[in-house]
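Heads up, the thing below is written out as structure tokens.
The values are calculated or read from the model by the stated rules, or taken from the named source; none is laboratory data. Just so it is clear, the model here is predicted, and its values are computed rather than measured. Because the Cβ atoms are built from the backbone with ideal geometry, glycine has one as well, and the counts that use them run over all protein chains shown. Keep in mind that these areas ignore ligands, DNA and RNA; they rest on the heavy atoms of the full protein, side chains included. Shrake-Rupley method; radii C 1.70, N 1.55, O 1.52, S 1.80 Å.
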Protein chains: 4
Amino acid sequence: MRVDCDAAIIGGGVIGSSIAYHMAKRGKKVILLERERLAGQASSAAAGMLAAQAEMNEAGPLFELARRSRAMFPELAEDLKQLCGIDIGLVQKGMFKIALTSEEETELHRIIDFQCAAGEKAEWMSGEEVRRHEIEVSGDVRGAMFIPDDGQVSAPDLSLAFAKSAASLGAQIREFTEVKSLILEKGNVAGVMTQEDTIYCDRVVVASGFWSGRLLEQAGCKTPIYPVKGECFSVISEVPLIRSTIFSHGCYLVPKKGGRTLIGATMKEHSYDRKVTLEGIATLLERAKRLVPGIVHAEWEKAWAGLRPQTPDGLPYLGEHSKWKGLFIAAGHYRNGILLSPITGKLAADWAEGKEDGKLPMKAFAVERHSDDPIVKAGVK
Amino acid sequence: MRVDCDAAIIGGGVIGSSIAYHMAKRGKKVILLERERLAGQASSAAAGMLAAQAEMNEAGPLFELARRSRAMFPELAEDLKQLCGIDIGLVQKGMFKIALTSEEETELHRIIDFQCAAGEKAEWMSGEEVRRHEIEVSGDVRGAMFIPDDGQVSAPDLSLAFAKSAASLGAQIREFTEVKSLILEKGNVAGVMTQEDTIYCDRVVVASGFWSGRLLEQAGCKTPIYPVKGECFSVISEVPLIRSTIFSHGCYLVPKKGGRTLIGATMKEHSYDRKVTLEGIATLLERAKRLVPGIVHAEWEKAWAGLRPQTPDGLPYLGEHSKWKGLFIAAGHYRNGILLSPITGKLAADWAEGKEDGKLPMKAFAVERHSDDPIVKAGVK
Amino acid sequence: MRVDCDAAIIGGGVIGSSIAYHMAKRGKKVILLERERLAGQASSAAAGMLAAQAEMNEAGPLFELARRSRAMFPELAEDLKQLCGIDIGLVQKGMFKIALTSEEETELHRIIDFQCAAGEKAEWMSGEEVRRHEIEVSGDVRGAMFIPDDGQVSAPDLSLAFAKSAASLGAQIREFTEVKSLILEKGNVAGVMTQEDTIYCDRVVVASGFWSGRLLEQAGCKTPIYPVKGECFSVISEVPLIRSTIFSHGCYLVPKKGGRTLIGATMKEHSYDRKVTLEGIATLLERAKRLVPGIVHAEWEKAWAGLRPQTPDGLPYLGEHSKWKGLFIAAGHYRNGILLSPITGKLAADWAEGKEDGKLPMKAFAVERHSDDPIVKAGVK
Amino acid sequence: MRVDCDAAIIGGGVIGSSIAYHMAKRGKKVILLERERLAGQASSAAAGMLAAQAEMNEAGPLFELARRSRAMFPELAEDLKQLCGIDIGLVQKGMFKIALTSEEETELHRIIDFQCAAGEKAEWMSGEEVRRHEIEVSGDVRGAMFIPDDGQVSAPDLSLAFAKSAASLGAQIREFTEVKSLILEKGNVAGVMTQEDTIYCDRVVVASGFWSGRLLEQAGCKTPIYPVKGECFSVISEVPLIRSTIFSHGCYLVPKKGGRTLIGATMKEHSYDRKVTLEGIATLLERAKRLVPGIVHAEWEKAWAGLRPQTPDGLPYLGEHSKWKGLFIAAGHYRNGILLSPITGKLAADWAEGKEDGKLPMKAFAVERHSDDPIVKAGVK
């Protein structure tokens, strides 16, 4: 069957869903195509941290993008709740980035300095000060960088809220729909072929995370994305163990509603399976105990894993392909997909309207920046 | 072990949890005792309608109670969200009480008159008007009473939010704790015995719904409560099927967040099991199709059942036992447990402070009103 | 990484797993590659009927294949139990193919004649006789063809038992492993490329059901396979509702262990999603009630859906590709994947050894039989 | 409603279900009453070891009972499969009881001697011999007592198979049925009262595990039973990690079908909740790693907990109450409920027929043996 629309978005994770929402909000007729179920992969596995500062140790384009995106959440939360009834669980009670050693302490002071210089809030707190705010934090903690403006959302809720809000604004959502190929004609994208239909449109956005590769190869696009598996688990306690997110090297604890605490996440590069190993749990458990010893008394809830889409330089691919007009890419957000989803959606909606956001250093995210990279040429692994 | 507190509350459903929350809010040291898990029974099975008007066909004490309770929700939703992070899903988009026959139409006009006379909003809408608001409603619908102020919440979320908020205010929550007996001494309640501990307190609230009977018998209390089983199921659609609750004789459809619609509920008196039968699903499905034919295209989600605690006259037992000072009962809320939970919690907190709410006709809910009832004496069945 | 083996099998459903088991049993070093999880699609959704006669209304190659495969089950059940501990739930209590109308009765008599002539057992039973064996069968049932030798297994258990037994015989199982492309060189298959590795082997079997298309296209193979969605549900009763499978036009009931009854299955051609619709349940429920009215008192368990891989002529593709030596196809088993899995595994193990099974009409299943079909050329839909 | 039968059995766990099966097999009309769902508590949480020797460090009545019961399994497995289709997963590949220290080694030699003297098979194997059988076993293992005749079953399957087989033999199963009181008249039991019915029968068996207390108190019966919580988890590997059960102080690993391994179990006395704690998992994980280091690479499946019903002297209560003729007790099987379920069912069926098993030392299990125990009088805790 032939179908016409303004834009086809490939990938029903948090990035594709945000793009569908932002485009639908501007009146575009969009179709969101998802191979399996909405938010079925990394978007649901994520811890939902909005770590615009906690994850950024250097100034640079990613830091700019992250700050811009974080600022969009309060208004977004309202709008999504209004449109589809889903509360995205936005909490802005700050984040502690922990130092356990003097080296870590020194490093945190450096980061605090650069972030303050960049106009963000960040301050050093001694171990005692930290424990005054978070009484369960271990005596081994030397201190922490406290970031009042970093927060968190419920990642599965955010992803679904984008998609369901997009639907309520007129977007069409198609689950269980695999895109077989792009339609590329004379330097333009003209649509996509699915198992069932041919969808004609002059804008196609590939937002399939780690699975973006196959379609992009068809377009001759060198945008290497590889998975970094992350395992997590969650526990429940009667009274919340912690109030703010506790972030450290190799382990974070994120307090969720109703006394849940989420513990993440291992990092296994080039691991394509989504199995939780006993080793993953053992490692996280050991690390979490070192930060918050009392966690052992909490009730076990469940464990899960997801694949983060990583790129050679750690930056997402965001933009139009130079060879195929109308073919956009928004993939490779690695650990920052939840945080960057609002700004990515906004940028894609801009692209669809031919607008450019002059303030952001988009060159760093250019989709063809790895085309001539010898490492990439040689294969990522 | 010996434990002391201000009040022990027996039953971790929506009623007991609301009481714990309201008492904890007033600074009381309370212990909430639940035999299994919080919100494990009727409270989680409920559809969460706040049908203060839709379920009330006559003026009377229940109508008064219901209106007062409904009015408490907006402030409550804010407070619970603040305390424990749980969004109770409060939606106030009104309710349509449907007429399929002329008899039903006549009856609805009568109800509209009495409710308007009582100062509530309720208006007749023709079938066409209904379909203008809810395009999926069947052409067979003659019209409906529209009740703008009735709404709904997420029942499982409300129950948990009460308990978790109580805990954050200092209440102690004990799951998997069965109360073996009340401690009754010289006309006073003095506490309760659990499997593990003896809890001393001069106020005990029995709020175990249909399971309240055994403990109350120990106190010589004739408060017959019997179960009315209700089966439900839910479906999911991309775009919400309906925006407001559709209520009819024998079937209701409640729109939930993210495109879920909940369809309830059968009524099986004196059915003690919580099994969903194929018959239950067939019956609901047939009725739902008559109201909203397009529902057949929605995706099946799941089915479940719960036991509503019913009393001989359909009114809950609310108040102190005359023989045992300090022994309070809050049980038998039947189909209205979610709706009545806020006012019940407030009343119980008043009791604990010796206050009386002068405005409510509490006599109708007196806990001993069935003591001399010949039917009750002869056994409910 | 480079990996070497005797054969790579693509697809961890019941067909691929059976092939892995049969090859491993003959000492081959095989690797089974599954995109997601073992038995995650149609193989787990199947009812597990071994309807070698009930589904075959005509003599022909499929009938031959089915009889041969059915006969393999008893020995297979023993061997799999021994190897991996999984009981495949083989039950051989016969099947009733029901007539509700006189037309259906006439048709069944014809089928009985052809099957008896072919040397199989099949007999006509009047409605009363049927009800003597199966007391819950409706009075509306005119009679049935009784097939003593058709039986059933647990489909999910069979699939897993094949894979786990293969593993215990030395096969390597790789879940979450997508095959990106076949390695085709000078008229030979030389292996496959996965996301992670290059697997070299001179035999590759494509057994991915409906998902086989993409890889086969790479080999220039015209083996159109399209999905026919089937929805099912199951109920539980204390005492089994039926003892033998009840099979009819549009609905079957299969008795499973422990009082479960499985009710299947709708037929939705070219439906690619795996959502259960309310319509699917309503349809099955109506039909099941007509056969076994008492089913309404059973307890609802759950509902699910799967995609059967269908071909233009209803026959699977079984054999080697003429253009690429060593490239074998075993896909398109439609409703008969469970039944045909043993013989398919055996045939594939034969292929790997260069043997031919002289007794089976393999030409009917030739993998290139649709290459010049104008319908196929024009696209299946 | 009034109901008549030969015997009412209270408790739908493995013990009550075995009794129902054994009685039904002898033609008795029995009713099995379960408060919630069949096999919902300890019976489903159990690892299913048949450790007639591995758990018995001394000669004595429990050892006699255990050996007799273990011997019943092979025939039982056949019969249950026949009656209800459920395979109980009986595996008799022996058990290794591990020594990690020289003290443990000495103790195991003593146990081997006593068991061989009692006519059972048990032999010492050095660490190297153990690793020859089980290659994943750690080099830290000094050696083990190998018990060829101990084996295992699937505990949830055994429990359900008993109940479903009983049903197929005519027993009535009533789930969600709480017994409110025993009917005791003139030194005889005359039946039970449930929420719904009065069941008349001259034999009542209380088999509710840790929950047996309340009803027995009504009969003035001092049979103290207290819970010992056990937490477990399971992992999955492609090829089974181990072939035989590995049993040690504080941790056991049981290989289940399809590559599952079950790891148990913590021991928390007087813990009434069924929550899995992070501490429980951490403890088991540490211990399991010491025995089978490679377990860390296995895939996490799930965790659960159950309450074992323990008695002051560690022996179950088995027999008739002297004060109330016809009132039988079969409870308090602690860690041995699965193992002892066949013999317990047989004994109860004997009781119902007035038979006595002359060979077993039943006095040790007498139901009133703790009546005058000062510790019991003072309360178990």
Which residues, taken from region B:67-98, are among the charged types (D, E, K, R) and closer than 28 Å to A:ILE236 by Cβ?
B:GLU75, B:GLU78, B:ASP79, B:LYS81, B:ASP87
Looking across region C:265-310 at residues that are within 22 Å of B:LYS289 (Cα to Cα), basic (Lys, Arg) and away from chain A (no Cβ under 14 Å), the single one that is surrounded by the fewest Cβ atoms within 10 Å (Cβ to Cβ) is C:LYS302
Does D:SER159 satisfy being out of contact with any His (no Cβ under 8 Å at 6 or more places or on another chain), part of a helix (DSSP H, G or I) and not aliphatic (A, V, I, L, M)?
yes
Of the residues in region D:41-59, those that are part of a loop (DSSP other than H, G, I, E, B), open to solvent by 10 Å² or more (accessible area, probe 1.4 Å) and modelled with pLDDT of 95 or more number 1
Among (1) touching a helix residue (DSSP H, G or I) at 6+ places or on another chain (Cβ under 7 Å); (2) closer than 26 Å to A:SER271 by Cα, where does C:GLU55 come up short?
(2)
Checking the conditions here, which among D:ALA207, D:ALA166, D:ALA171 is touching a Gly at 6+ places or on another chain (Cβ under 7 Å) and not acidic (Asp, Glu)?
D:ALA207
On the basis of being at positive phi and either within 14 Å of chain A (Cβ to nearest Cβ) or crowded, with 22+ Cβ neighbours inside 10 Å (or both), does B:GLY345 make the cut?
no
Which of the residues spanning region B:187-216 are outside any loop (DSSP other than H, G, I, E, B), more than 23 Å from the chain's Cα centre (by Cα) and more than 19 Å from B:ALA352 (Cβ to Cβ)?
B:MET193, B:THR194, B:THR198
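Every residue, every condition in (1) aliphatic (A, V, I, L, M); (2) within 14 Å of chain B (Cβ to nearest Cβ), yes or no:
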site	(1), (2)
D:VAL130	yes, no
D:GLU136	no, no
D:GLY143	no, no
D:ASP150	no, no
D:ASP157	no, no
D:PHE162	no, no
D:ALA166	yes, no
D:GLN172	no, yes
D:GLU196	no, yes
Of all residues in region D:148-175, count the ones that are more than 15 Å from the chain's Cα centre (by Cα), among the hydrophobic types (A, V, I, L, M, F, W, C) and open to solvent by 10 Å² or more (accessible area, probe 1.4 Å).
2
Can we say C:ARG67 is basic (Lys, Arg) and either under 30 Å from C:GLU286 (Cβ atoms) or not in a helix (DSSP H, G or I) (or both)?
no
Of the residues in region D:122-145, those that are of a type in the set (A, V, I, L, M, F, W, C), part of a strand (DSSP E or B) and open to solvent by less than 30 Å² (accessible area, probe 1.4 Å) come to D:MET125, D:ALA144, D:MET145
Residue count for region C:241-264, restricted to those that are part of a loop (DSSP other than H, G, I, E, B), under 27 Å from C:GLU105 (Cα atoms) and either away from chain D (no Cβ under 14 Å) or open to solvent by 30 Å² or more (accessible area, probe 1.4 Å) (or both):
3
Got a sec? Which of A:LEU62, A:LEU38, A:LEU32 is touching a residue at least 24 places away in the same chain (Cβ under 8 Å) and assigned to a helix (DSSP H, G or I)?
A:LEU62
Tell me, yes or no, whether region C:355-373 has at least one residue that is under 19 Å from the mean Cα position of the chain (by Cα), within 14 Å of chain B (Cβ to nearest Cβ) and on the phi < 0 side of the Ramachandran plot.
no
With a cut-off of at least 3 residues that are modelled with pLDDT of 95 or more and among the aliphatic types (A, V, I, L, M), name the helices (runs of 4 or more DSSP H) lying wholly within region C:274-381.
C:278-291, C:337-352
Output for Cβ contacts, cut-off 8 Å, separation at least six or different chains, first residue within 23 Å of B:PHE210 (Cα to Cα) and basic (Lys, Arg) in region D:170-195, second open to solvent by 40 Å² or more (accessible area, probe 1.4 Å) and at pLDDT 95 or above, reads D:LYS180/D:MET193
Within region A:224-240, can one find any residue that is more than 14 Å from chain B (Cβ to nearest Cβ), modelled with pLDDT of 95 or more and assigned to a helix (DSSP H, G or I)?
no
Does region C:75-88 contain any residue that is away from every other protein chain (no Cβ under 14 Å), open to solvent by 30 Å² or more (accessible area, probe 1.4 Å) and among the hydrophobic types (A, V, I, L, M, F, W, C)?
no
For residues in region C:176-194 being within 14 Å of chain A (Cβ to nearest Cβ) and among the aliphatic types (A, V, I, L, M), which is most open to solvent (accessible area, probe 1.4 Å)?
C:MET193
